[in-house]
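Please treat every number below as a calculation from the coordinates, not as lab data. Here the structure is a predicted model, which is why all the values come from computation and not from measurement. Don't worry about glycine lacking a Cβ; one is built from the backbone with ideal geometry, like all the others, and counts go over all protein chains shown.
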Amino acid sequence: MTHSLTNTVRMLGAGLRALLALTLVTGVVYPLVITGIAQGLFNGQANGSEIMADGKVVGSSLIGQNYSLPLEKGQDSPAPDLKWFQGRPQNGLGVNSVNTQYRLILSGATNRSGDNQELVQWVKDAKAAVVRANSTAGHTVEPSEVPADAVTSSGSGLDPDISPQYANLQVRRVAERNGLPVAEVRSLVDEHTEGRVLGFMGEPRVNVLELNIALKELLACG
């Protein structure tokens with residue numbers, strides 16, 4: 001009986017020491033080492049890839065933002081503020097989609113197949129809205145000019161980037177709304193177009209927040 005009790009106490013002591021050692025290594029030492037490496041070598045990414053403007057943090061380069069007018073009475077969602085470049089479609093696609101744009105608590109896609117009739121109609125409506133919004137006095141946008149990312153939400157609903165094609169589609173409208181030369185606004189898009197990662201991964205892209213910050217700075221200089 002005494003021998004059995006001694007073994008039990010010894011095993012409990014060994015288990016407790018192992019627990020304390022693993023807690024120290026995995027719960028204290030390892031997190032501190034990884035945090036130190038991240039802060040030292042990848043400071044920007046470790047702190048949320050923050051974007052600064054006017055001396056303050058205005059967002060993250062990894063998460064898109066809305067550029068909308070104030071919500072008016074009777075509206076389910078605010079209308080886009082067309083003096084700014086717009087990201088991917090507002091509020092996902094469809095009324096019961098979980099893809100509510102840029103709301104961090106809940107993200108996701110519409111989860112509908114490509115031939116779903118509701119989805120097809122949402123895309124058609126979105127394309128018609130893009131054509132209307134971006135047609136100007138001197139240029140009418142053709143439906144064939146509208147790229148896919150202008151009428152479809154991203155899988156997460158948090159995508160901060162658009163294609164160069166969609167950014168360039170908006171150039172005339174942004175220039176007209178802000179009283180700027182088209183060439184000057186197009187130059188902004190070119191300056192903020194990023195190529196494929198390592199030259200072959202992904203697609204060229206434009207970060208909408210960074211582009212709109214540059215646009216705001218251009219308007220301030222004018």
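Of ASP159, ASP54, the sequence from fewest to most neighbouring Cβ atoms within 10 angstrom is ASP54, ASP159.
Principal-axis analysis of the Cα atoms of the chain puts helix 2-24 at an angle of about 30° to the longest axis. Treating the Cα atoms of the chain as identical point scatterers in vacuum, please give the log10 of the normalised Debye intensity I(q)/I(0) at q = 0.14 Å⁻¹, two decimals. Computed log10 I(q)/I(0) values: -0.96.
If you average over every viewing direction, what projected area does the convex hull of the Cα atoms of the range 2-45 give, in nm²?
2.9
When TYR166, TYR67, TYR30 are sorted by how many other C-beta atoms sit within 10 angstrom of their C-beta, beginning with the fewest, the order is TYR30, TYR67, TYR166.
On a 0 to 90 degree scale, rounded to 10, what angle separates helix 117-134 from the longest Cα axis of the chain? Helix 117-134 and the main axis of the chain meet at about 60 degrees.
Relative to the longest principal axis of the Cα atoms of the chain, the long axis of helix 208-221 lies at roughly 50 degrees.
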